[in-house]
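Throughout, read-outs are computed from the coordinates displayed, never taken from laboratory work. What you see is a predicted model; the values in this text were computed from it and never measured. With ideal geometry, Cβ positions are generated from the backbone for all residues, glycine too; neighbour counts draw on all protein chains shown.
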Amino acid sequence: MRELKVAEEQRGRRRRRSLRRGGAVVLVVAIVIGLVVLLSSGSTPKKPAAAKSSTKTTSTSTSAPTSTTLPKGTPTTAPVSHTAVAPVCPPATPAGAAKRVIAFTKAPPTCVSPTGVYDATVRTDVGTFVVRLDAATGVAGVNDFVFLARYHFYDLTVFHRVIQGFVVQGGDPTGTGTGGPGYSFTGNTPPSSCTKVGDCYPTGTVALANSGAPSSDGSQFFVVLPGGGKQLTPNYTVIGHVISGMAVVDRIGADGAPSTNSAGTPKVLHHIVKVTITQVGA
């Protein structure tokens, strides 16, 4: 009986050792399988879902302007010179200079008659208006505009600042409101007496924009819309007035920013296609 009991205990010990070895094997296999799965899943990372931006987009009261399409067959003019050149009087003909120039080293010499009268025909993407320029009222400003127009400076530029009931402004070759011809000059301002009756800038007046003083005149100009003259202080050089096509100016003005927006970014961006100068008086 003792031998049987000893044999039974030995068989029990063998079974327990076998179970422990089996459990260990199972555990090792499980660990190996887990490592394989983990490594396999990490070898080809999944494309992460697009993260939502936490940055909010702010906007001004005026949305970005849409741009009109220039009329079919719009001339591209001659090649443009982006290098500043010394100013020389261009040909005094409607065709003007053979090359478009948008930068000069200094203000131009006098290229117009001090008593000359000129018509500037401004063709835009929505029609044409004509500005009468009288050098006798301010030869420096008229000379500047005629000089630049004959060099095709204004061709294919935009009216970058338009405010309803105020002004339509253009003359910047960059379209940003900060561009100019590379120089500034001193123009003339209306007499201070005109502030008493508020007639310094009647509707249709064309004047040069400046950065705060007549000595900062350049290429930018504005056309006064109905009601706009009453809002202007007598600090701007008058070069002429619209004699025909004011309806075209009004149409451009209607596409401008509301009167509460001084930045004046227009709702629709209108273009100057071409400006042609014709002398109509001595």
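Per residue, the convex hull around the alpha carbon atoms of region 157-206 comes to 100 Å³. Inter-label distance, Ser193 to Val80: 4.5 nm, where each label sits 7 Å from its Cα along the C-beta direction. Calculated FRET efficiency, Cys89 to Thr128, Cβ-Cβ distance, R0 = 25 Å: about 0.45 to the nearest 0.05.
Given +1 at the Cβ of Lys and Arg, -1 at the Cβ of Asp and Glu and no other charges, the dipole of region 163-264 around its Cα centre is 180 debye to the nearest 20.
Can you tell me what percent of all Cα-Cα pairs in region 68-281 are more than 25 Å apart?
Working: 7195 of 22791 pairs.
That fraction is 32 percent.
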